[in-house]
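Working notes, beginning with the structure itself.
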Amino acid sequence: MADSDVLEKRAITPFDVSEGALYSENRWQEPFAQLRRDMPVSFLPDSPYGPYWSVVTHDLVQQVELDAQTYSSSYVHGGITITTGLVEDEFPNFIAMDAPKHTAQRKVVQPSFNPSEMLVREPEIRQRTKELFDALPVGETFDWVEEVSVKLTIGMLCTLFDFPWEQWRDMKRWSDTASDVNPDFSEERRQKFYAEMFQMLQKFDELFERERQQEPNDKILNRIIHSEAMGNMPQLERLANIALLIVGGNDTTRNSMSGFVHACNLFPDQFELLRKDPSLVPNAAQEIIRWQSPVTHMRRTCTQDTELGGQLLSKGDKVIMWYISANRDENVFSNPDVVDFTRDNARRHIGFGHGVHRCVGARLAEMQLAILFEEILGRNVRIEQDGPLTYSGSCFLHEIDNMPVKMLPIG
Ligand code: HEM
């Protein structure tokens, strides 16, 4: 334990890093650099989300992640985002749970993301990626986010769930709805939300029923329905876990794909390097996730008084782990703001989190990104930005909303 004088004197965050404008105007880098330098753990007594602690360095974020007993993810304490969401309370799923329930449910789905299962999924994901590129216009401006990132991600999720491809628009609508969690819902939006979720529930019940008739295998819906931990859970709780898988895989993978194209425009030498040496593709995927940090933060709640980085935290305090900052920690990554596909420790990023809740879908996301990069390289084209991009003002997801581009042949 550090000196008690130090512990009692709280470091007060000089600015509110949850402020949406920092993200919509892409000026979050400097405030976080300042916090990493001056106060790796700091407290903001008042914000639109209430009081919260900010943890901004790589080592301290890991320390929080590795002590799940002191730092709870449970929805009972408010869950895993800075907002204490209405829907999260009503539909608990395993990302917002602690052991032993979290452990048991995670164990059910994890084998569906094993390397052997990824090999089974790979051809379909590659095929969808090829078909999508075949249909893209050459030399004309289009929105990369809408035409590529969104569609490929929805395709990837359809593959994961063996969801009928011809109904992909339903999957897109439900994933948009499931992500649209806001405690300030109007009654009208709330009704619409429930109507969509009800449709999704019916569809997934049908798919679960199909799997119930099959022998147990490693497909995700099959594993869920045949498992002890999830097979007989209340229908709504099961749906909440499907929503978790959809939402967990959606904006995250989408924004990595958009981040890749943006990065290749900002650092054209890196794209050239990748073209010359496609064996860099897996490392490039890690580097993009580090640099983009599609999940800006995750939240925990203290279950007891504790000490972190010389600060004294109290039971019930809200703790925000800023991945977007930890992934730019200059003590771990040299020239952290620069994209470097040869970076030898790119894999040390914590864009997927760390510890018991580390992203269960990481392999699927990595595979989809690698397939996309390979498809671009194989076609001998470059994707040129054709106007400014727009970022959303979310402090939870680092989202690129629109990005006009042109696909141009090389040479
Ligand atoms: C958890 C990031 C793709 C499903 C997480 C966490 C992060 C994250 C930061 C929380 C980790 C923690 O609290 O320590 C990402 C990123 C992705 C991605 C950056 C893409 C680049 C996916 C995909 C899926 C998925 C494709 C599935 C389709 C999940 C689930 C959890 C999770 C189910 C909860 C794990 C648990 O609580 O045990 N992800 N994710 N994610 N992710 Fe992902």
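The values are calculated or read from the model by the stated rules, or taken from the named source; none is laboratory data. Source: prediction; values computed, not measured. Quick reminder, even Gly has a Cβ in these numbers, built from the backbone with ideal geometry, and neighbours come from all protein chains shown. To get the accessible areas, we keep the full protein, side chains included, count just its heavy atoms, and leave off ligands, DNA and RNA. Shrake-Rupley method; radii C 1.70, N 1.55, O 1.52, S 1.80 Å.
Rounded, prolate or oblate: which one fits the range 4-409, using the alpha carbon gyration tensor with axes a ≥ b ≥ c (rounded when a/c is under 1.5, else prolate when a/b beats b/c, else oblate)? It is oblate, given that a/c is not under 1.5 and a/b is not larger than b/c.
Return the carbon/sulfur percentage of the accessible area of the chain, one whole number, probe 1.4 Å, all protein chains in place.
That fraction is 50 percent.
Based on C-alpha pairs under 8 angstrom that are at least 6 apart in sequence, the range 4-409 has a relative contact order of 28 percent. Subtracting the Cα-Cα distance of residue 334 and residue 191 from 0.36 nm times their residue separation leaves 46.6 nm of extension gain. Excluding ligands, DNA and RNA, the accessible surface per residue across the chain is 43 Å² with a 1.4 Å probe.
Would you mind computing, in nm to one decimal, how far apart the modelled labels at residue 202 and residue 266 are, each placed 7 Å from Cα along Cα→Cβ? Distance between label points: 4.5 nm. Structural descriptor for the range 295-351: relative contact order 31 percent, calculated from alpha carbon pairs under 8 angstrom and at least 6 residues apart.
With the simple model of a label 7 Å out from the Cα in the direction of the Cβ, residue 408 to residue 107 spans 5.5 nm. Simple spin-label estimate for residue 179 and residue 304 gives 3.9 nm between the two label positions (7 Å along the Cα-to-Cβ direction from each Cα).
Please give the length that would be gained between residue 347 and residue 384 if that part of the chain were fully extended, namely 0.36 nm times their separation in residues minus their C-alpha to C-alpha distance (nm, one decimal).
Between residue 347 and residue 384, full extension yields 10.6 nm more.
With loop membership from DSSP and a limit of 16 other Cβ atoms within 10 Å, the longest segment of the chain without trypsin sites (Lys or Arg not before Pro) is 28-314. Cα centroid distance between the range 193-242 and the range 15-87, in Å? The two parts, judged by their Cα centres, are 33 Å apart. For the cross-link pairs 101/203; 130/219; 192/406; 9/318; 203/318, the ones whose C-alpha atoms lie over 28 Å apart are 192/406; 203/318.
How would the range 195-317 be classified by its alpha-carbon gyration tensor: rounded, prolate or oblate, with rounded meaning a/c under 1.5 and the a/b versus b/c comparison settling the rest?
Taking the square roots of the gyration eigenvalues as a ≥ b ≥ c, the range 195-317 is oblate.
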